[in-house]
Amino acid sequence: MLTNDILFTNLLYCADILSMPSKTNSYAKPDFWSQKAFKEGYPARSVYKLQEIDQKFSLIKKAGTVLDLGSAPGSWTTWLLRNLGENGTVVSVDLNPLAKTVTGSNLVFYQGDLLDAEMVTKIKSHGPYDAVVCDAAPLTTGNRTIDTARSKALVDMAIWYAQMMLKPNGNFCVKIFQNGNQQKELQKMKEIFNTAKGFKPEACRAESFETYLIGLGKKDAKI
């Protein structure tokens, strides 16, 4: 179990890594998924990763309340708004603003730092949540060792939020850069969820070393 002290240590690291410089985006040329996202009104191709995860694992409950961490530009938030229905709620959080097209009467968006204790309180006030999702990625350097270490810090943060703010039987997914850390993270998740496994959606680029960790059925443990 992650303590508050561990949380804020990880969040400090996350805040640091998100402000570091990255290399030029090597994915500038639109592919099939990028073009499909544009046609269907999503800000980014990543939406199809969440869609496939939900189709396979029934991650999202209709009319539920979902927390979307690291949500900008807003593709996952948009998909959630469309699929939860008018009785569902999406709480979306990022350091950066959402795309202007991402709107909804059942959307709560906070722009700010997950390190901030006031932000944690705001997020918690809308819970507990039926699902917590996180597609956040650190700014990358091209050095796989550094990039995967930064990704792990974000995953630890997301796991803490899931552990602290999910309802019993709630679900979770988070992106991670692969280098062996995913097995250690899955072991942590197995203590929190009835089922924990890795999954790489088809919409991930073939050359990408990202994958997703899935937690299903949060155990009803006292925190």
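Here are some notes:
- Out-of-range pairs (alpha-carbon distance over 29 Å; input 61/190; 62/184; 49/124; 62/219): 62/184
- Taking label points 7 Å from Cα along the Cα-to-Cβ direction, residue 55 and residue 184 give a separation of 3.4 nm.
- For the pair residue 124 and residue 194, label points projected 7 Å from Cα toward Cβ lie 2.7 nm apart.
- Sparsely packed loop sites in the range 114-216 (the GluC sites (Glu not before Pro) outside DSSP H, G, I, E and B with at most 14 other Cβ atoms within 10 Å) comprise 202, 207.
- Length gained when the stretch residue 63-residue 139 is fully extended (0.36 nm per residue, less Cα-Cα span): 24.0 nm
- Calculated accessible area for the range 101-164 comes out at 41 Å² per residue, all protein chains present (probe 1.4 Å; ligands, DNA, RNA ignored).
- Value of relative contact order over the range 68-223, rounded to a whole percent, pairs C-alpha under 8 Å and six or more apart: 19
- Label zone (residue 202, point 7 Å along Cα-to-C-beta; backbone nitrogen cut-off 13 Å) within the range 53-81: 53, 55-56.
The values are calculated or read from the model by the stated rules, or taken from the named source; none is laboratory data. Here the structure is a predicted model, which means the values were calculated and not measured. Using ideal geometry, Cβ is built from the backbone for each residue, glycine included, and neighbour counts are taken over all protein chains shown. All accessible areas refer to the heavy atoms of the entire protein, side chains included, with ligands and DNA or RNA removed. Shrake-Rupley method; radii C 1.70, N 1.55, O 1.52, S 1.80 Å.
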